[in-house]
Amino acid sequence: MKQLQYQILSTFIVIFTLFSLSFSFFLHSVLSEDARNHQRTQLTEQAKLMADFLNELPMLDNEQKTESFLANLSKDSKTRLTLISTTGQVLYDSSMDKEQIENHLDREEVQDVLKGKPYSISERKSETTLELQFYVAVPVVSNTNEITAVLRLAQPEKELAKIGQQIPRVLFLFILLALGAASIVTYFLAKKIAKPVQEVMFVTKELANKNYAVRFSGRGYGELAELGSTVNELAVSLEDQMQEIKQNDKQLHELINHLVIGVMLLDHQRSVQMVNPAMERILRTGADALIGKPYVEVIKSYGLSHLIEKTYRKKTTQNDEIYFYYPEDTIVDANIVPLIEREPNDLRLIVLLYDITEIRRLEKVRTDFVANASHELRTPVTALKGFTETLLDGAMKDPEVLQQFLDIMLKESRRLDSLVNDILELSRAEQKQVPLEVETVSLEQTVNSAVQLVRQKADQKKITINMVIDPLMLQTDPDRLKQVLANLLHNAVAYTQEKGEVVVRAYQEDQMATIQVKDNGIGIPEDEQDRIFERFYRVDKARSRYSGGTGLGLSIVRYLVENLNGTIFVESKLGLGTVFTVKLPIRF
């Protein structure tokens, strides 16, 4: 900022010097001319005064007295005094011997006076002294007003010029003093001006460096004070805008990070600039391995790569359903949105991927459910229809056949009723419309109640049911828990060979109650275990022969456990048996 001070100071000095020189030149000319005129006027007045003395003293007839008198007059004067007769003879000269001086009748000033002028002035080179002289001539008159002589004063031009020569020195000295004083004043004024300007520059640089908390706190005057206030207003505005931008960025960041839709930003060079956690999950790759890489290296789908390239080419939004086969089978709804910048070639894309794998799976489950439900319902309905038509055709007249058909029809109607009830129960459980009555219950009593429901069927197959129950109390709905356990025990007994064993264990693990139902029955193939909770799903026909249920039991169990805030999973070995594990919170 000192540079600004020196610029102001140097500019002032240059302007002041130029102005001073111009003014001095003009003033020197005026003063020199005025001084010369003043000197000439003084010389003229002096000549007139001397002439008046001579007029009052009639001593021109006495040559000696006249010379003595004139000598006294010229003694204290630096001028040359010459007394000239009317004939041009030099009667007296203060600088030279009058005998050596030629006749002066032809001198201009003498001629003017003799012709009647009150005084005459001339300037020329003296033929006697060979110097440039300034002459003033006045008449010396008698009492009768006749010109008796001419008094002439002469002064060398250089004497007149001495005053003019002193003027530049005086002016130069004055200019130096004025320049020095003005420079000092200007320096402090420039410093006073530069300090707030320096602070304003500091504030603006800090604002440029994104330090929006800085403020102008210096003292300024006039426009500088207004400039400082304006800069502070700018700083406040920028700080508010930056806070708003940061808040919006934070909100946008949180929004993008919590979207279930995968988001990826590609630049004009087709490199990944940003991904959100949902996109990382879909691509099964972390952000560090994605950002900065070309999209063709990180996207393992030809369909998606083709769709992105098509968007780059056409610069329009593209949409399609894309299948990923690696690293896992995944179905996504892909939307590619172009972001066209000011520059035509600066095209960026937003890749939006919505994982619809589960939706497609549920759609398939729903389709399968409709098909399976129709099939399951068709069997008893067809049986009822067939037996009814047979009876109507005359079979009812045979009492033995009638009784047999009626027994079958009752059995099928009961199966149909059970199937419809299970479908309704599953629908309520799936939509969490099952009313829950939570209370503190004894887990041991609930397990015993569930075991009693399958005891008769187990005894028929000579299956042993063992219980290892820790004394636990938990908050849950006892009826729904009993329904879950009864269903699992029914399956365990149904799929276990005669003289098999079923074990029920219950114990506390952290804040969870763990219940296990284990059998040594036929088991479930490993590749089928993920699907056993699906509606109407059966592993194979052999297993179907062992089951007398509707095929909806485990689906109902899964949704009931979820309604109780618990989890259920299965472990099984084909031919060795199955273990169902239910985990419920101690406190609901």
Entries of Lys457/Lys518; Lys364/Lys583; Lys210/Lys246; Lys518/Lys583; Lys250/Lys293; Lys457/Lys583 with Cα pairs more than 23 Å apart: Lys364/Lys583; Lys250/Lys293; Lys457/Lys583
For the stretch 436-585, what size does the Cα cloud have along each of its three principal axes, sorted from largest down, in whole Å? 41, 30, 25
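As an exercise, identify the chymotrypsin sites (Phe, Trp or Tyr not before Pro) in the stretch 285-340 lying in DSSP coil whose Cβ has no more than 13 other Cβ atoms within 10 Å.
Listed in order of number, the matching sites are Tyr325.
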Given R₀ = 25 Å, FRET efficiency for Asp510-Phe569 by Cβ-Cβ distance, to 0.05? 0.90
With r defined as the distance between the Cβ atoms of Thr581 and Glu321 and R0 fixed at 41 Å, what FRET efficiency is calculated, to the nearest 0.05? 0.65
State in Å² the accessible area per residue of the stretch 256-355; use a 1.4 Å probe, count heavy atoms of protein chains only, and round to the nearest integer. 56
GluC sites (Glu not before Pro) restricted to the stretch 299-354 and DSSP loop, no more than 15 other C-beta within 10 Å: Glu328, Glu341
Roughly how many nanometres apart are two label points built 7 Å out from the Cα toward the Cβ at Thr86 and Gln529? 16.3
For Gln247, what charge total do you get from the other residues with a beta carbon under 15 Å from its beta carbon, if Lys and Arg give +1 and Asp and Glu give -1? -3
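Using a 1.4 angstrom probe on the protein heavy atoms only, line up Met473, Met50 by accessible area, largest first.
From most accessible down to least: Met473, Met50.
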Contour minus end-to-end for Lys210 and Thr390, with contour as 0.36 nm per residue of separation and end-to-end as the Cα-Cα distance? 55.5 nm
Residue-wise, which Karplus ³J(HN,Hα) couplings in Hz belong to the stretch 402-413, taking 6.51 cos²θ - 1.76 cosθ + 1.60, θ = phi - 60°, and x for glycine or proline? 4, 5, 5, 5, 5, 4, 5, 5, 5, 4, 5, 5
Lys385: which lysines have alpha carbons under 21 Å from its alpha carbon, excluding same-chain residues fewer than 8 sequence positions away? Lys397, Lys411
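Local charge sum around Asn276 (other residues, Cβ-Cβ under 15 Å, Lys/Arg +1, Asp/Glu -1)?
Details: positive: Lys250, Arg281, Arg284; negative: Asp249, Glu254, Glu280, Asp288, Asp355.
That works out to -2.
For the stretch 256-355, what is the convex hull volume of the alpha-carbon atoms per residue, in Å³?
Per-residue hull volume (Cα only) is 85 Å³.
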Please calculate the 1.4 Å probe accessible area of Glu108, with all protein chains present, and give it to the nearest 10 Å². 110
Net charge, Tyr354 excluded, C-beta distance under 14 Å - Lys, Arg +1, Asp, Glu -1: -3
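The values are calculated or read from the model by the stated rules, or taken from the named source; none is laboratory data. In this text, all values refer to a predicted model and were calculated from it rather than measured experimentally. Because the Cβ atoms are built from the backbone with ideal geometry, glycine has one as well, and the counts that use them run over all protein chains shown. Areas reflect the complete protein model, heavy atoms only, side chains present, ligands, DNA and RNA absent. Shrake-Rupley method; radii C 1.70, N 1.55, O 1.52, S 1.80 Å.
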